[in-house]
Amino acid sequence: MPKVVTPLSNNRCKHAKAKDNEFTLSHGGDMGLRVMPNGKKEWVFRYTKPFTKTRTAIQLGIYPATSIKKAQDKRDRYLELLADNPQTTPI
């Protein structure tokens with residue numbers, strides 16, 4: 001059974017501290033907040049390409065300029081594109 005992920009809150013995103021290596025805070029639905037060693041934070045959407053079955057990530061925006069809601073909306077549009085036309089990638 002898959003692990004249930006608690007969605008990120010704005011407060012948790014704001015207070016995420018940079019570490020020596022980059023890391024990702026999971027938001028659920030293959031979306032997360034990647035925190036870089038220099039302190040930069042960006043929203044990413046990880047998906048599997050339909051034909052090659054390789055995992056890849058698309059940047060959805062830079063936090064805090066892109067809010068959680070905007071990042072979720074972009075992720076949902078990419079999911080619709082993948083569902084409607086699996087022969088193309090969302091980019």
statement: Long-range amide H partners of Tyr63, meaning residues 5 or more apart or on another chain whose placed amide H is closer than 5 Å, are Lys41, Glu42, Trp43
query: Tell me, what is the percent relative contact order of the chain, built from C-alpha pairs under 8 Å that lie six or more residues apart?
result: 18
message: Can you give the FRET efficiency to the nearest 0.05 for Thr56 and Asn11, using r as the Cβ-Cβ distance and R₀ = 25 Å?
response: 0.25
message: Between 0 and 90 degrees, rounded to the nearest ten: what's the tilt of helix 68-84 against the longest Cα principal axis of the chain?
response: 20
statement: Once phi for every residue in segment 53-64 is put through the Karplus expression 6.51 cos²θ - 1.76 cosθ + 1.60 (θ = phi - 60°), the whole-Hz ³J(HN,Hα) values, with Gly and Pro written as x, are 6, 9, 8, 9, 10, 10, 6, 9, x, 9, 8, x
message: Limiting things to C-alpha atoms, what are the Rg and the maximum Cα-Cα separation (Dmax) for the chain, in angstroms?
response: 13.7, 40
- prompt: Packing-wise, with mean Cβ within 10 Å as the measure, how do 5-18, 54-67 rank, highest first?
  reply: 54-67, 5-18
query: Among all the lysines, which ones have a C-alpha under 24 Å from Lys40's C-alpha, if same-chain residues fewer than 8 places away are not counted?
result: Lys14, Lys17, Lys19, Lys69, Lys70, Lys74
message: Modelling each spin label as a point 7 Å along the Cα-to-Cβ direction, I'd like the Arg46/Val4 distance in nm, to one decimal.
response: 2.2
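Values in this text are rule-based calculations from the coordinates and carry no lab data. Note that this is a predicted model, so its numbers are computed, not measured. All Cβ positions, glycine included, derive from the backbone under ideal geometry; neighbour counts span all protein chains shown.
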